[in-house]
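The next block holds one structure in the form of structure tokens; read it before the comments.
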Amino acid sequence: MAHFELDGHIFIAERLVDGVLLNPGLHTEEMCTSANEISRWLMRPFVLTERYERPKNELLHEELSAAWERAWPTGVKFDVRCVDHTTVGEWSDWGCFPTLEEALECIRMRREVAFGAMGTRLRD
């Protein structure tokens, strides 16, 4: 994990890719309730990654691993989340993608819709 400064706020994350935090260290995975935390995260989309974990029940492994590989051929699921204006104090799920590039494209498109031409280019 590394420290990144964005808009005067310090964030901890695995990486920063095109201005987007990858696997940020979150105080809580689902809720963002304090005013300070909401202001830090408001309209700041981020990406969480998830890898297949072998279930303890071996009978489920073959079926689940095949389904995972069909959905996420890279072996990694990229979830895009953001505190936006659709929920209060919760992360909105903007989508799940099979590649980081597709996740970043989702963010670019959402920013373009939300902010017009100013939001089309992700900050470095």
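A few points about this structure:
- Restricting attention to region 1-40 and to residues that are assigned to a helix (DSSP H, G or I) and of a type outside the set (A, V, I, L, M, F, W, C), the residue that is modelled with the highest pLDDT turns out to be Arg40.
- Selection status of Asn57, over 23 Å from Gly19 (Cβ atoms) and modelled with pLDDT under 80: yes
- Residue match in region 98-114 (condition: within 15 Å of the chain's Cα centre (by Cα), open to solvent by 60 Å² or more (accessible area, probe 1.4 Å) and modelled with pLDDT under 90): yes
- Residues of region 53-89 classified as more than 27 Å from Arg108 (Cβ to Cβ) and either open to solvent by less than 100 Å² (accessible area, probe 1.4 Å) or in a strand (DSSP E or B) (or both), total: 8
The values are calculated or read from the model by the stated rules, or taken from the named source; none is laboratory data. From a predicted model like this one, the values you see are computed outputs, not experimental measurements. Reconstructed Cβ throughout: ideal geometry from the backbone, glycine too, with neighbour counts over all protein chains shown. For accessibility, only protein heavy atoms count, side chains too; no ligands or nucleic acids. Shrake-Rupley method; radii C 1.70, N 1.55, O 1.52, S 1.80 Å.
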